[in-house]
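Q: Please find one structure pasted underneath; my questions will follow.
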Amino acid sequence: MYTQSQQNDLAVTIGASAIPNFATHKVGVDVSARYFFADAFSVGAHFSTVNPKFNDGFGFDTDRTLINIYSFSIPLQYDIVNTDKLILGFGLSNGLLLNVLRNKNQSKEVIQYDPDTGTGISIQLPNRLKNDSYYTLTPFAEVSVKFLEIDQKESIQFFVTGKVGYQNAYGDGYFSNAKDFSNFVFSLGFTVKSTFD
């Protein structure tokens, strides 16, 4: 059978993730890129973010907070099913989880400049209270189904991609605990794959 992923392929996925935080999951943005250094073996970079809001001060004098949650990781994946239409892979991702606690009752003015026009736009940003960071280790399974091929010669292909994993967080936090972010992670998105020359 024709193999789908080959050495020098590059795959970029954009989608949404259900990210664990405390006793629930919140939907955030998910972006990843993988480079195939051998047939069916790939290494990449992954980023996700979500901004859940809370009616809890986490020990601070406020009743309205939000947490900017940022996840950065490096996934290593092997595709055990690697056909023209279907790809099934298993992997392990090492990363860093950064949580920025902000006070929604107090904000500061921040001016963002547009480099093209030189004009500034004033926005109100909730005050930062504290940062927590954790090391994460996430085993996962990923499946991709091809739905479109634009250029067979250049091998530009599009897939629907789903992934499930279990995020294990390690470390100590100031306003949170590692166990608050250790749970299943789900994502669904679209992948574009092409040969990288």
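Q: Restricting to the stretch 79-95, name every residue that is among the hydroxyl-bearing types (Ser, Thr, Tyr) and surrounded by 15 or more Cβ atoms within 10 Å (Cβ to Cβ).
A: The one that is among the hydroxyl-bearing types (Ser, Thr, Tyr) and surrounded by 15 or more Cβ atoms within 10 Å (Cβ to Cβ): Ser93.
Q: May I pose another question? Out of Lys130, Lys146, Lys193, report the one residue that is out of contact with any His (no Cβ under 7 Å at 6 or more places or on another chain), more than 29 Å from Pro20 (Cβ to Cβ) and in a strand (DSSP E or B).
A: So the residue among Lys130, Lys146, Lys193 that is out of contact with any His (no Cβ under 7 Å at 6 or more places or on another chain), more than 29 Å from Pro20 (Cβ to Cβ) and in a strand (DSSP E or B) is Lys146.
Q: Let me ask something else. What are the residue pairs meeting all of these: first residue in the stretch 100-128, first residue within 20 Å of Asn55 (Cα to Cα), second residue open to solvent by less than 100 Å² (accessible area, probe 1.4 Å) and modelled with pLDDT under 85, Cβ atoms under 6 Å, and 6 or more apart or on different chains?
A: What qualifies is Leu125/Val110.
Q: Here is a further query. Of the residues in the stretch 131-156, how many are open to solvent by 60 Å² or more (accessible area, probe 1.4 Å), at pLDDT below 95 and of a type outside the set (A, V, I, L, M, F, W, C)?
A: The total comes to 4.
Q: In the stretch 27-44, what residues are surrounded by fewer than 19 Cβ atoms within 10 Å (Cβ to Cβ) and of a type outside the set (A, V, I, L, M)?
A: Passing the criteria: Tyr35, Phe37, Asp39, Phe41.
Q: Could you identify the single residue in Phe140, Phe147 that is among the aromatic types (Phe, Trp, Tyr) and closer than 15 Å to Ser32 by Cβ?
A: Phe140
Q: Just need a number here: residues in the stretch 163-186 that are closer than 21 Å to His46 by Cα, open to solvent by 20 Å² or more (accessible area, probe 1.4 Å) and in a strand (DSSP E or B).
A: Number of matching residues: 9.
The values are calculated or read from the model by the stated rules, or taken from the named source; none is laboratory data. As the structure is a computational prediction, the values presented were derived from the model and not from experiment. Note that we place each Cβ from the backbone using ideal geometry, even for glycine, and neighbour counts take in every protein chain shown. Each accessible area value is taken on the protein alone, full model and side chains, heavy atoms only, with ligands, DNA and RNA left out. Shrake-Rupley method; radii C 1.70, N 1.55, O 1.52, S 1.80 Å.
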